[in-house]
Structure formats: structure tokens, C-alpha cells
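Down below is the structure, laid out as C-alpha cells.
Any read-out appearing in this document is the output of simple, stated calculations on the displayed coordinates, not a laboratory observation. Bear in mind that the values here come from a model prediction, so they are computed numbers and not experimental data. As a convention, Cβ positions derive from the backbone with ideal geometry for all residues, glycine included, and neighbour counts pool all protein chains shown.
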Amino acid sequence: MSLVAILVPLLALVAVVRGVWVLPLLGIANAGALLLGGQDRLRESVAVLAVCFTVAPVVFLSRYQSETHYERSRFSVAFLALSFMILLVLARVQMDVQIGVPLAAQVRVIGAGVFLSGVCTLVIGLVAVVGYRGMVWQWLGLQISVQGALFLAVAAQKNVLVGVAVLVGSVVLFQGGLCLHRILPSASALIGGYRESYGWQNGDDENAYYG
Amino acid sequence: MSISTQITIFLGALALVWPFIGALLVAVVSVDRSRLWALWVAVFGCFLTCLAFMCPTSERSVSGNIIAMWQDDSVQRAGRVLLSFGLLLTVLENLPLLNRGIRSLPHVSTALSGVACVAQDPVMGVGILVIELAWGVGVFAWRAGQALAGWNLMRTRLVGVFLVFCSLTLPKGTFVTGLTLACGVVALAGLAPFGRSESEEKKQMFLLLPLATATLLLAMRLRVFGGEAFSLTLVTAGIISVGITSCVGWRTEPHLLRTFPLALGFIAVGVQADVAALLFLSGWCCASGALFDDGRDQGHDREWAVRALACFPPNAPFVGCLLLLSIVPDWSWSIATLIVVGLLLVVMQGVSDQKSILLTWPEEAAGKLACFLLMAMSFLVPLAMMLGAF
């Protein structure tokens, strides 16, 4: 198991606490972990998609004002996600002890650490989706889960799973973007509001205000 | 391949594709004529699925093995018949709609649900359900003021999709796999209180009705992945839902009663009583849409739907209860007792208002057809069972 594969769930945990700007780092780490596991056409395509799925939300959200809803429960959600990670590690150890044979067969295909890393990333995302109330934070949770799903699907080496993971990723990106577009006020409206309240004319230096 | 086999395969394929053609027709015609077209399309769809039910798309090979053209058994075929009748009732219950996307949505969702049920790999079936969800939410969220409702719907259902996805990468038949898979299936179907979105309006039923039906039918096929833990978790989730419906009181919270047949259906899938699940599914498909009150049809009496969903005789869910209770004691006496207590509490709330315990015949056409279907199913399904069709 590569060090980058361990980094993926940890970065997911950081993203749950710090917000959407950590998402591109998670995507890059995920792509790195995928490419380090082997280099074929499928892995390369999924790595590119993983980066796209994480960069696109950050670019998209920069065009809108930030959500007014403040998430008070960020650390409790992160703590819950961490607890689930520990539970998953313990459950894997239990499975190793109890059923050995089926898990060994699975591990031969996937690799236990990589497999666990993907599951942890997916579960961290789901905890964020359920725990947060703000729409942007929930979207972030779904994006993290998509990264976990992509990682798991490629590690399992099943084309159907990869196809479904890419489909879910696209749906989360486009439908989430559509719903946010209908709800969040755009950033240009904010600048327009400043223009009106400060009596700016066209051609005035707006950067002077942000100074 | 003989001519008769080719004809049955063609009919089966046409039954699957027909709702897509219907959606296109309904979207293209003008608003005035759209309801009439939608009705004829839905009626023909029902006819096709009934034909496909009677003529299975499988043939016996030279070596004697049965070769199925797609994932097809009699319960799944009967489920697709219910899907098409659910579409017909949805069209009958609603007035013509201005928005082309929304008026064709029940046809698109029914078509995608049908295709998801016959997908070779259950993972592919889940993928098709994701497409259905995306299409439905896209149509809802595009309207002004509906984005948040659409988002909540998508978010809750995608949690289920991710759980199912995760479980399908885990080793087959282990405890963790079964638990995750069952939780995912329950959340995807929207069983109260696990997967319900915060706000629901009547038009969401265009999407939710086929989606939940397809999920229950897929759950029957996913049993091989989940093993014993899958069954146990489905039964537990069903009993929790039944318990909450009976304790909270569905007169004050009607959404609980709407998913009551689904809860019993999941218990039936858990104890491998697929025919009973089919009978509960008929209650969900025929009566749950009528419980939505969008303010337009205040004058209509919805008592028939309440009684059908609460498993009163002579409706199909009542026969489903009898069938379920004949099987559950072999599984566990304590679970059977819990189900009986939950059912009795729900039924008691229905008889408390001094109205007739038996059937109350509705006035509107959709209600009459639904009541007729529910009664017909309650006789036909046990008859088909005795004749060996299931």
C-alpha cells in the first residue's frame, strides 16, 4: 500500500473540517494513488476524472457568494468520521480472524490497505452528507464519497463498478451544481450591491475597496 | 430459435421500451391532448407487460437448461406489471401538466425502473436507478423554488446508492456486506424514517413510486450478495418502520402510512416471501399516490387508499399479511409477534372512526380502478401461486 493511499482518507478528513478548497488536494492525492497502483488506460482516465471532479466544484463555487449558514458541528462531524474509520479498521481485523478465506480472495484482487482506504474515504463523505446542514458542505461530502467510490472501483478492477462510479460522480457534479445555481446568489450580485451602496461608476477601481 | 420464442422476446423488449416511446409522445403533443395520449400509452403499456408476464422470454436449450434472455423470473415480471399499472393510475390521478419534462417524467421513470430490474448485473441496475434519479431531480430542480426539495431528494437517495456501491465491493455474504447493502437499499427506497426527504410534494411521486418499486425488486436479486445479515437487517428496518407508524399515528403523519406497505415488503423480502412482497408492492403502487393532498382535490374521499395501505380486507396487502404471517413464525416467533402487534396497532387506528371496516368504494375513476386492481390481485396472486406460476 502506497503512502499516497493512506493520505487519501486523511485528506478527506481535513476536507470535512476545512471546507471545499481542500478538495483539489484530495483529487490529486487520489489520482496519484490510482496511478501508483499501476498504469493502464482505465487508471489514467479515472485519475483525470478524479482531478476534474474535485477542481470543478472549487471553480464553480468561486462564482457564487459563500453560504450564509454557518456549520457549528464541523469538529463533531470530523470526530464521528474518525470514529467510523477506526471501526472499519477494527471490523477488517475481525473479518481477517473470522472468515479469512473470502477476505483473502478479495484481498488478492484489491489489496487490503488500498481497499480499506477507499471504504474509509467513502464513509467519511457519507458522514459529512448526513451530519452537515449547509448545502455546500453536503455537496462536499458527496464529492468525497465519489472519490472513495472511484478509488474502490478501480482497485476492484471491475469495469461495471468504474462506470457506475463515474456516472454517480457526474450526477453529483452536475445536479449539485444545478441546485446550488438556483439557490446561491452569484458573486457579481454582491459586487453590484457594493457598487450601488458606495455610488461607484463604471471604470472605478473595485480592487481599491478590497485593498 | 423458434418463431414463437422470437415473438415473445420481441413483446418482452417492446414492453420494456414502450414507456420511453410513450414519454416522447406525451412530451411532443400539446397540453390539451397530452392526458389522453398519456392514458392510451399507459393502457397499452399495461397490456404489453401483462402479455410479457404470461409469455416468459426464456427457452429450453438442447441440453435441457433454461436460457433466459434477460434477468427474468415470474415475480420480477409481475413487478413490472405493477409498475405499468402504477403509471396508469398516476396518469389518471393527475390533470394535464404544462411542463413537458414533468408530464413525461412518470413514463421515463417507469421505463428506467423496468430496465433496472432486468439488468444483467445488479450494479448496472443501481447505475440505471442513478440515471432515473438524476433525470427526475433535474426536471424538479429546474422549476423556480424547487431546487432545495430536489437537492434533499437527491442527497438522501445518493446516500443509499453509495452504501449499495460500497457493499458490492466487499466480500460476498459477510456480515458487513449484508448490513451495508440492506441499509443502502432501505435508504434508496426512501422507507420512513430512514430515507425520507424533508419536503415532499405530489409530483415527486412521479419519480418516487417507480424508484422504490424497482429498489424492492432489485433487493430480491441482491439477496445472494448480502447473505443472512442482509435479510436480518431488512427485517429489522421493516419492523422499526412498522413500529414507528403504529406508535406515532399515521392519522397525524400520513407519510408514514404511505411507506407502510414498503416496510412490510422489505420484511417479506428479508424472510424470502417474495410473493407477499409483491402483494405489498401492489398496495404501494396503487394506493400510495392517492394519499398526497396537493390542495386541489379536497372533496375526494381518500379513505379507500388509507384502508388499502393499512392492510384492510379485501385488498392485496391484507392477503400479503396473511402470507407473510404464515412464513415468519418458521423464521422467528418473536419477530412474528412484533409484526402482529404493529399491524394490529395500525389497523386499530383505521377502525377507530366508526366507518365500515370493509371496502369504501371511491367516486373518482383512478380510485375505482385502484380498488378493482387491489381486489383482483388479492384473488389472482394466490390463485397463480396454487397453479405454480410463482
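Mind listing the long-range amide H neighbours of A:Y64? Cut-off is under 5 Å, sequence gap 5 or more, other chains count too, H placed in the peptide plane at 1.01 Å from N.
Under 5 Å from the amide H of A:Y64 lie the amide H atoms of A:A187, each far enough along the sequence or on another chain.
Using a 10 Å cut-off around each Cβ, can you sort B:K368, B:K203 from fewest to most neighbouring Cβ atoms?
Ascending number of Cβ neighbours within 10 Å: B:K368, B:K203.
Is it possible to state the helix-based mean residue ellipticity at 222 nm for chain B, with each DSSP H run of 4+ residues giving -39500 (n - 2.57), the sum divided by total residues, to the nearest 500 deg cm²/dmol? What is it?
Value at 222 nm, helices only, nearest 500: -25000 deg cm²/dmol.
Rounded if a/c is under 1.5, else prolate if a/b beats b/c, else oblate: with a ≥ b ≥ c from the C-alpha gyration tensor eigenvalues square-rooted, which is region B:3-47?
The shape class here is prolate.
Could you list B:H255, A:H181 so that the one with the fewest beta carbons within 10 Å of its beta carbon is first and the one with the most is last?
Fewest to most other Cβ atoms nearby, the residues stand as A:H181, B:H255.
With r as the distance between the Cβ atoms of B:F379 and B:L345 and R0 = 22 Å, compute the FRET efficiency 1/(1 + (r/R0)^6) and round to 0.05.
Working from the Cβ atoms, E equals 0.20.
Under the classification rounded if a/c is under 1.5, otherwise prolate if a/b is larger than b/c and oblate if not, where does chain B fall, given a ≥ b ≥ c as square roots of the Cα gyration tensor eigenvalues?
rounded
Hey, what do the phi angles of region A:17-25 turn into as Karplus ³J(HN,Hα) couplings, whole Hz, using 6.51/-1.76/1.60 and θ = phi - 60°, x for Gly and Pro?
3J(HN,Hα) across region A:17-25, in whole Hz: 8, 8, x, 6, 5, 7, 4, x, 4.
Collect residues whose amide H, placed 1.01 Å from N in the peptide plane, falls under 5 Å from the amide H of B:N99; neighbours closer than 5 in sequence don't count.
Amide H neighbours of B:N99, under 5 Å, 5+ apart: none.
Projecting each Cα onto the charge dipole of chain B (Lys/Arg +1, Asp/Glu -1 at the beta carbon, about the Cα centre), which of B:V381, B:N315, B:S167 comes out farthest on the positive side?
B:S167
Can you tell me which of B:2-9, B:335-342, A:171-178, B:204-211 comes out highest on packing, and rank the rest after it, using the mean Cβ neighbours within 10 Å?
By packing density, highest mean first, the sequence is B:204-211, A:171-178, B:335-342, B:2-9.
Based on DSSP H assignment, which helices of chain B show an axial Cα extent of at least 30 Å together with a mean Kyte-Doolittle hydropathy greater than or equal to 0.0?
Those that pass (Cα extent of 30 Å or more, hydropathy at least 0.0) are B:3-28, B:31-54, B:147-169, B:205-248, B:365-386.
Specify whether the C-alpha gyration tensor of region B:65-170 places it in the rounded, prolate or oblate class, a ≥ b ≥ c being the square roots of the eigenvalues: rounded for a/c under 1.5, otherwise prolate if a/b is larger than b/c and oblate if not.
The shape class here is oblate.
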